[in-house]
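Heads up: the structure comes next, in structure tokens.
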Amino acid sequence: QVQLVESGGGLVQDGGSLRLSCAASGRTFSSYTMGWFRQAPGKEREFVAAITWSAGRPYYADSVKGRFTISRDNAKGTVYLQMNSLKSEDTAVYYCAATSRTTGWSYGPGYDYWGQGTQVTVSS
């Protein structure tokens, strides 16, 4: 079992930055690929970014590439999402998730554990 707790959400102006954190506890954090997803009101949950457990290789949705950076600190059991140049369309609840899969990291149902989410609101 892995418990995930997100933090760092809030209200920011268009063009601003936020850093989300996801603290993991329970089973060995370093053996899971970690992902960030988001869900805006009235929309389906969508993939944002993922980082592999082994090489720490990042993957991004096209909509955030070049603006968001995912990173992880296995010693601290924490994954981060640095979000820069935020836009109003980034407004959503952001979820951290963990998966033991070796492929398909953008596929939400493939994740084993989820956090409770943190709200990010970008005002224009």
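The values are calculated or read from the model by the stated rules, or taken from the named source; none is laboratory data. Bear in mind the structure is a predicted one, so any value in this text is a computation, not a measurement. Counting neighbours? That spans all protein chains shown, and the Cβs are built from the backbone with ideal geometry, glycine included. Surface areas here come from the heavy atoms of the whole protein model, side chains and all, with no ligands, DNA or RNA. Shrake-Rupley method; radii C 1.70, N 1.55, O 1.52, S 1.80 Å.
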Looking only at the range 1-21, how many residues end up being in a loop (DSSP other than H, G, I, E, B) and in contact with a Lys or Arg (Cβ under 9 Å, 6 or more places away or on another chain)? 4
Restricting to the range 70-97, name every residue that is at pLDDT 95 or above, among the small types (Gly, Ala, Ser) and open to solvent by less than 40 Å² (accessible area, probe 1.4 Å). ALA92, ALA97
When the residues of the range 1-13 are filtered to those that are open to solvent by 90 Å² or more (accessible area, probe 1.4 Å) and not aliphatic (A, V, I, L, M), which remaining residue is nearest to ASP90 (Cα to Cα)? GLN13
Give the number of residues within the range 27-69 that are more than 18 Å from TYR94 (Cβ to Cβ), open to solvent by 60 Å² or more (accessible area, probe 1.4 Å) and touching a residue at least 24 places away in the same chain (Cβ under 8 Å). 1
Across the range 98-117, what is the number of residues that are in contact with a Ser or Thr (Cβ under 6 Å, 6 or more places away or on another chain) and open to solvent by 20 Å² or more (accessible area, probe 1.4 Å)? 2
Being modelled with pLDDT under 95 and of a type in the set (S, T, N, Q) is the filter; apply it to the range 98-124 and report the residue that is farthest from the chain's Cα centre (by Cα). SER124
Within the range 16-26, can you find the residues that are within 23 Å of THR91 (Cβ to Cβ) and open to solvent by 50 Å² or more (accessible area, probe 1.4 Å)? SER17, ARG19
Show the residue pairs meeting these rules: Cβ distance below 8 Å; 6+ apart or different chains; first residue within the range 91-104 and touching a residue at least 40 places away in the same chain (Cβ under 8 Å) and under 8 Å from THR33 (Cα atoms); second residue surrounded by fewer than 18 Cβ atoms within 10 Å (Cβ to Cβ) and among the polar types (S, T, N, Q). SER100/SER31
